[in-house]
Amino acid sequence: MTQINTTNITWIEGNVVENEIHMSIVELSHAARTPQDLIMSWVTEGVLSPTGSSPEDWRFGGDSLRRAKTAAHLTHDLDLNVPGVALALDLLDEIATLRARLKRGD
């Protein structure tokens, strides 16, 4: 009996949306379900780095949305204060960097 192997290949194309998003503080606040004053505290602490010179002019990219959602979870779930959130995010970033280096074999 002859066995035939078939392989289906599906190509998926797309854009990374987070690189194309530019949200105001109001939009980020709604998207992250976080009060604007807390977002301002995160900017002051260096957790988020918007473009623009004042809160009215700030624009946040999609990476800020991901980071703000993580910061919100750390704040609410672990009851961390703003400096604690900044430290935890720095450590999470370091872990991600080290994991990426391990995968590359550096």
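Each value in this text was obtained by applying a stated rule to the coordinates, not by laboratory testing. This one's a predicted model, so the numbers in the text were calculated from it and none came from an experiment. Neighbour counts run over all protein chains shown; Cβ positions are idealised from the backbone, glycine included.
Before moving on, here are some points about what is shown:
- Contour excess over end-to-end distance, with Cα ends at Thr97 and Glu56 and 0.36 nm allotted per residue: 11.5 nm
- Cβ-based exposure ranking for Ser53, Ser41, in which fewest neighbours within 10 Å come first: Ser53, Ser41
- One decimal place: the segment Asp63-Asp79 gains 3.5 nm when fully extended, by the rule 0.36 nm per residue minus the C-alpha distance.
- Derived scalar couplings ³J(HN,Hα) [the stretch 23-33; Karplus, 6.51 cos²θ - 1.76 cosθ + 1.60; whole Hz; x for Gly, Pro]: 9, 7, 5, 5, 5, 5, 4, 5, 5, 8, 6
- With both labels modelled 7 Å from their Cα along Cα-to-Cβ, the His30 to Leu87 distance reads 3.6 nm.
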